[in-house]
Each structure stands twice: as C-alpha cells, then as structure tokens.
Amino acid sequence: MSIIPTSPPCPLPSSSSFLLFSSLFSPFLSPNNPPKVITNQIISLHSPPTFPSSSIHDFFFFFLIFHFVGYLIDCGATVKSVIDGREWLPDNGFISAGTSKNLTVPDLVPTLSTVRSFSLLNNLRRKFCYVARVYRGARYLIRTTYYYGQVNGLNFPSPPVFDQIVDGTFWSMVNTTDEYQKGLSSYYEGVFEAKGSTMSVCIASNTYTESDPFISSLEMLILGDSLYNTTNFDSHALSLVARHSFGHNGSIISNKTPPVSGFWNMPPSKVFEKAFSTAQLEPLEFRWPPLSLPNSNYYIALYFADNSDSMLPSSRVLDIHINDVKYYGNLNVTPEGAAVFATIWPLGGPTKLTLSPAANSNISPLINSGEIFDVLRLGGRTLTRDVRALEEMKNSLRNPPLDWNGDPCLPLNYTWTGVTCSEGERIRVIALNLTSMGLSGLLSPSIANLTALSGIWLGNNNLSGVIPDLNSLKLLEILTSGNQFLSPPPS
C-alpha cells in the first residue's frame with residue numbers, strides 16, 4: 001500500500017486532507033456473497049485549484065465493519081418488543097420526563113403505536129432529554145422517528161413544530177406536517193461522536209410550538225469504519241438532508257422514506273439494481289436534492305454500479321459536475337461499484353447534478369443513488385466539572401426540575417431551569433436561581449465545585465439539612481436561603 005498525502009486544492013474550513021481510494025469488491029453485500037478485498041491503494045487526488053475536492057472509493061470498503069451496538073428505543077412503550085429480529089427497549093430507563101401515550105390509529109407498526117409527549121407549560125423553551133450510556137469517542141448514528149397520530153387532540157389537527165438537540169448542539173427543527181398529511185411517518189438522521197460517557201438526545205419547544213412535542217422512536221447505533229468517518233467529528237457532526245435511490249420504480253425514494261436496510265453506511269443491494277440513465281450518449285442533468293438548500297457546507301456521496309447485461313465491449317466513463325463545478329472527472333463505472341464522496345462541499349439554493357460521458361466512454365452515464373448531509377458545527381459543551389456538580393445536586397433533590405437532563409448550558413436558548421451560564425469558549429455556570437420551585441431534599445456539597453458562581457437563590461423551597469461550606473466560591477456575591485429547615489453554612 002502506498003500513501004501520498006495531499007492538501008485540499010482550495011482553502012475550506014475544517015478540511016484536513018483528501019485521499020483517493022481504489023479497490024475491488026463483490027458487487028453486493030449479502031450473506032451468500034460477502035465482499036472480498038482484492039486490492040487496496042491510496043493515491044493523491046488532484047483537481048483544479050478553484051474547485052472543491054472530492055474522493056472516490058469502492059463503497060463496500062467502508063461498510064465492512066458495522067456493529068449493531070447501541071440502543072433501539074420504543075418511545076412511550078412500557079415493555080420490550082422484538083421486531084424483525086431486533087429488540088426494542090421501553091424508554092423509561094432513558095428519560096424521566098414526559099408522558100407515555102398510545103395512538104388510536106389502526107394498523108400502525110409497533111414502534112409508531114406509542115409516543116412520549118412533553119407538556120408545553122407556559123410556552124417555556126425547555127428541553128427534555130433521553131440520556132444513554134455510550135462509548136467515549138465512538139461515532140453514533142442517531143435516528144429519531146415521528147408519527148403524530150393526532151396525539152394532542154382534535155384542537156390540534158397538525159403536528160407541533162419543535163427542535164431536536166444532541167448534547168449541546170442544535171441538530172434541527174422537526175416539522176412533520178407534510179409527511180403526516182400524506183399518512184407517513186418522518187425520520188431524521190445524524191452522525192455524532194460521543195464526547196463523554198453519556199450522550200443526550202433532546203426534544204425542545206421553540207417559538208413555533210403550539211402543542212405538546214412528542215417522539216415515536218429513537219435509535220442510537222455505533223458506526224464502524226464507514227464512509228461517514230472521513231468527517232472531522234472533533235468539531236462537526238452530520239445531519240441527513242437527502243437520501244435517494246435514482247431509477248427505483250422509475251422515480252426517486254424520498255429522504256423521508258427509510259431505505260431498505262435502515263442505514264446506508266451499509267447500502268442495501270436493492271438501490272444498485274436499477275439506475276437513472278439516458279438512452280443516448282449524452283449528458284444526464286437533473287436537480288438533486290429536490291429541495292432548495294440553505295447556505296452551508298455539505299457532505300456528498302454518490303453511488304454507481306454498472307449492472308448492464310450487454311455482452312458487447314463497453315466503457316462507461318463519466319465526468320461529474322455540481323452546479324457546473326467539477327466534482328470528479330473520468331470516473332470508470334464498473335460492476336464492482338464505486339462511491340464518490342466529498343467531505344466538505346459548499347452549496348446553497350437549487351442544486352444541479354450533471355453526469356457527462358467522458359471522451360473515452362461509449363455508453364451513456366448513469367447513477368444509482370446518493371446521500372447528502374449538512375456538516376454541522378458542534379455547539380460546545382459545559383465544563384465537565386460544572387456538569388458533574390449539577391448532576392450531584394440533582395441526585396440529592398427529591399424532585400429536581402424536569403428539564404435537568406442533557407447539557408446544562410447549551411444550546412444557549414435551552415439552559416436548565418434556574419441555571420445561568422457564561423458565554424464564550426469556556427462555558428461555566430455563573431448563577432443558580434432556584435426560588436419558588438417547590439424543591440425538597442438536601443443541598444449537595446457539590447455546589448461548592450461550581451467555582452464560577454456569583455449568585456445563589458434558594459428561597460421559598462422545602463430544602464433541609466445544612467448549606468455546605470461555600471468558601472471555595474471566591475466569586476460569590478449573593479446567597480439567599482429562605483428555607484425553614486435549611487441551616488446556614490458552617491462558619
């Protein structure tokens with residue numbers, strides 16, 4: 001194996017290097033036809049200096065290691081279930097807030113027949129988080145699924161609009177109205193790296209939310225060495241924008257329709273059985289994805305396999321352009337299959353994909369499928385010491401606030417109730433105002449570890465015991481107690 005390092009041909013943020021991989025495999029993954037590596041070579045990719053860079057790899061190389069380790073959570077369910085050989089867990093071990101509800105819609109698949117609903121109290125912007133134990137440093141494919149089923153009653157015929165958050169990062173707005181009107185469920189998919197021993201996936205109301213947010217199911221599965229792992233997950237995550245199988249039944253499969261195998265870092269063979277092509281030796285031009293994209297950087301993967309049954313000698317070689325910018329040139333499409341991917345590609349507005357026959361091609365271009373992800377910049381994390389201190393405080397209270405899960409400070413619009421945080425690169429807890437929350441229990445000594453605190457308000461609660469020694473809080477200016485059974489700190 002030879003490795004020749006290369007740098008991106010144009011200065012793109014968060015891009016380190018681009019490599020071209022070349023290898024041969026069996027055309028489809030199946031128990032009876034496992035992929036076999038024949039060659040594996042890494043060489044440099046050179047493109048004109050004004051063009052974003054891309055890389056090519058026979059896609060099966062990345063999909064050899066996919067561990068189905070993680071969680072399949074049936075939100076609102078109270079017992080385990082096995083569906084298509086996969087065990088789904090009830091969600092009560094992952095979340096303490098919200099209400100389990102059954103849908104009355106007939107003939108639903110089991111994971112859509114229940115939801116967990118979160119009360120929209122006083123239109124407050126609060127988040128409610130599923131928290132799961134994870135492997136630090138592992139990349140997780142997270143999928144959330146939503147089917148409304150008019151769970152909020154006749155007064156709210158349309159699903160609510162709300163936000164979803166992973167740890168301290170705003171992931172996306174959830175708007176399932178269009179799919180629900182067609183009788184469909186909706187799913188959202190992203191790839192995030194675990195930064196600690198737990199990972200939180202949160203549902204949060206926003207200014208558009210008019211009724212109780214909800215969720216039908218949550219999947220958190222570890223990714224192995226997949227195509228997606230070329231992204232710099234230290235500072236970014238991926239959020240699925242579109243996933244289409246071109247040529248399937250003469251049309252494309254919407255990104256809101258789950259693919260055959262569930263996740264495309266192990267592509268189902270079905271998407272390579274048919275292709276989108278032209279009858280003549282001419283360019284193939286179409287708009288993809290069908291929606292207009294916001295200005296952002298995107299991860300793009302395009303999949304190709306020549307499954308023509310012609311016995312005549314042929315050469316299917318094509319050039320790929322996106323919005324008339326060269327994406328990759330002289331791609332030789334063979335039955336072994338190939339994937340062309342770019343880890344960072346700037347796009348905005350309508351997107352045009354053009355596949356042109358190269359000079360040495362004697363048959364028309366084709367494409368089987370494609371994926372595009374928004375490259376999300378991570379939102380940061382609250383200082384670990386402060387997080388642990390607040391978690392210990394939560395555990396010492398008999399009735400902590402329901403939204404005390406996930407990151408205490410981030411995103412900034414979704415801090416924990418009563419918690420005020422600093423801004424900037426180093427996120428600290430700077431004030432606790434727990435006045436009139438009806439709290440009972442003890443005040444944990446861990447409060448003394450919140451060394452950036454300038455104010456603590458505890459009045460009008462039912463806390464008991466002794467206020468811990470707070471001499472470590474050098475910035476503390478205000479401390480109010482006002483609890484009948486809470487004694488002052490030791491002198």
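Summary of values
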quantity	calculated
Spin-label proximity, residue 281 to the stretch 317-334 - amide N less than 19 Å from point 7 Å beyond Cα toward beta carbon	317-320, 330-334
Scaled radius of gyration (Cα, divided by 2.2 N^0.38 Å) that the stretch 330-438 gives	1.93
Reachable lysines from residue 127, criterion Cα separation under 24 angstrom, eight or more residues apart if same chain	101, 195, 394
For the stretch 66-144, the fraction of alpha-carbon pairs in successive 5 Å shells from zero, as %	3, 12, 21, 22, 19, 13, 7, 2, 0
Long-range amide H partners of residue 198 with built H, under 5 Å	134
Average silhouette area of the stretch 80-239, convex hull of alpha-carbon atoms, in square nanometres	10.1 nm²
The stretch 338-491, accessible surface, carbon-and-sulfur percent (1.4 angstrom probe)	51 percent
Straight-distance crosslink candidates among lysines, where the alpha carbon sits under 30 Å from residue 274 and sequence neighbours closer than 8 are dropped	36, 182, 256, 326, 352
Theoretical gain in end-to-end length, residue 422 to residue 135 [0.36 nm per residue, Cα-Cα removed]	100.5 nm
Length released on extending from residue 273 to residue 82, taking residue separation times 0.36 nm less the Cα-Cα span	65.8 nm
Average Cα contact separation per residue, the stretch 97-216, under 8 Å, 6 or more apart, as relative contact order %	39 percent
Per residue accessible area of the stretch 391-491, 1.4 Å probe, in Å²	49 Å²
Peptides 480-489, 236-245, 386-395 ordered by average Cβ neighbours within 10 Å, highest first	236-245, 386-395, 480-489
Label-point gap, in nm, between residue 208 and residue 454 - each point 7 angstrom along Cα→Cβ	3.6 nm
Probe 1.4 Å, protein heavy atoms only - accessible area per residue of the stretch 320-375 in square angstrom	29 Å²
By average C-beta atoms within 10 angstrom, highest first, the peptides 297-306, 458-467	297-306, 458-467
Prolate/oblate/rounded call for the stretch 69-110, Cα gyration tensor, a/c under 1.5 rounded	oblate
Hits among aspartates and glutamates - C-alpha to C-alpha of residue 270 under 16 Å, sequence gap 8 or more where chains match	306, 336, 371
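The values are calculated or read from the model by the stated rules, or taken from the named source; none is laboratory data. From a predicted model like this one, the values you see are computed outputs, not experimental measurements. Backbone-built Cβ (ideal geometry, glycine too); neighbour counts: all protein chains shown. Heads up: the accessible areas ignore ligands, DNA and RNA and are worked out on the full protein's heavy atoms, side chains in. Shrake-Rupley method; radii C 1.70, N 1.55, O 1.52, S 1.80 Å.
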